[in-house]
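Bear in mind these aren't lab numbers, they're just calculated from the coordinates by the rules spelled out. Not measured: the values here are computed from a predicted model. Cβ placement follows ideal geometry from the backbone for every residue including glycine, while neighbour counts extend to all protein chains displayed.
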Amino acid sequence: MRIATFALTLGAILAVSGCSRFGSDSGLNPFGWFGGARAPSTLEPRGGWKDQADDPREPVPQILSAGFQPMNEGKLLVVQAYAPVKGWWDLEIVTEEIQPENQLRPGLDGVLRLVLVGNPPLTGSPEASMAANPQVDQMTVALPISTIKLSRIREIQIRSASGAVSLRP
């Protein structure tokens with residue numbers, strides 16, 4: 001009777017240790033018996049890092065204003081820009097340094113460096129020859145920033161082709 005109890009106890013201990021966090025790679029872990037999920041071997045995203053060198057968009061010519069709008073869980077960074085011709089499209093606020101998707105990490109100095117980029121009108125298109133009106137043809141782009149991300153940021157710099165704007169959250 002004691003041998004059977006000892007054998008059952010030993011078997012239970014081995015089964016539980018095979019399922020532990022640190023022994024998850026062992027052959028005793030039942031989640032790995034039939035080709036279960038394995039931990040990724042790299043932190044690189046599935047589509048790879050988005051390389052800004054491959055981005056054909058260029059910085060918008062001029063930033064008119066930048067400011068924050070309150071949200072429930074952070075702030076909305078709203079940037080208004082202007083281009084001398086109509087037809088700019090696919091505008092976005094991107095980070096200067098390559099970062100994981102949906103991450104806004106400031107540099108070591110606490111400054112988050114952003115660039116307002118977009119595609120200019122195609123050469124030869126009617127929009128490329130139409131002068132823009134500064135009162136009507138303003139471009140507005142927004143970027144939500146959570147409270148947690150804002151707590152790590154000391155300053156935000158948004159760059160355009162002709163200058164930059166700095167904000168403190």
Open item on the list: With the cut-off at 1.5 for a/c, could you classify the stretch 40-169 from its C-alpha gyration tensor as rounded, prolate or oblate?
Closed with: oblate
Task: Ranked packing of 92-102, 113-123, most packed first, by mean Cβ within 10 Å - done: 113-123, 92-102
- [ ] With an 8 Å cut-off on Cα pairs and a minimum separation of 6 or more residues, tell me the relative contact order of the stretch 92-169 in percent.
- [x] 35 percent
Task: Simple label model, 7 Å out from Cα along Cβ direction - Ser129 to Thr147, nm - done: 5.5 nm
TODO: Pull out the extension gain between Glu58 and Ala4, defined as 0.36 nm times the separation in residues minus the alpha carbon to alpha carbon distance; nm, one decimal.
DONE: 12.0 nm
